[in-house]
Amino acid sequence: MPKWFVEDPTEVWDGLDADSLRKVQRWIKRSEAIISTRFPDIAVRIERGTLSVDVVQSVIEEMVERALSSADRDGVKSESLPEWQVEYETGSGLGQGSVLYLTSDEFALLAPRRDGTRLGSIRMRMSYEVADPTPE
């Protein structure tokens, strides 16, 4: 049972047959596992209200939508004519061949806010402050 994506997949994606529905439900669970593994504190942030469940749901929906789109195209990325050239997707994200992955925008949405001191610059010494390292 999904933890965050609680909507009925048949209402989100029209025309799912029984096999596609099982695949989508499995992708939803895997997407949630990917997110909770990458962001172990996500349940706590949702409980505290610092992260909206709607954001997590939308990220899961987009992940599954990309996987469905790839499956519908049989992995074909592009076709060209007249000599007939077909290019297949090799996958994205950290693992080649994976159909479920986070984009950089989705990663930024789910990442915790950064608080604290940041190192903004490094002070370079002026030439008169540096001792001459050559021996006398």
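Values quoted throughout were computed directly from the atomic coordinates according to the rules given, and no laboratory measurement underlies them. Because the structure is predicted, anything quoted here is derived from the model rather than measured. For neighbour counting, all protein chains shown are included, and Cβ atoms are generated from backbone atoms with ideal geometry for every residue, glycine included.
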*Each residue of region 21-30 in order: what ³J(HN,Hα) in whole Hz does its phi give by Karplus 6.51 cos²θ - 1.76 cosθ + 1.60, θ = phi - 60°, with x for Gly and Pro?*
4, 4, 5, 5, 4, 5, 5, 4, 5, 5
*So how do 34-46, 55-67, 5-17 stack up, highest first, on mean other-Cβ count within 10 Å?*
55-67, 34-46, 5-17
*Extension reserve of the ARG45-ASP14 stretch, reckoned as 0.36 nm per residue once the Cα distance is removed*: 8.0 nm
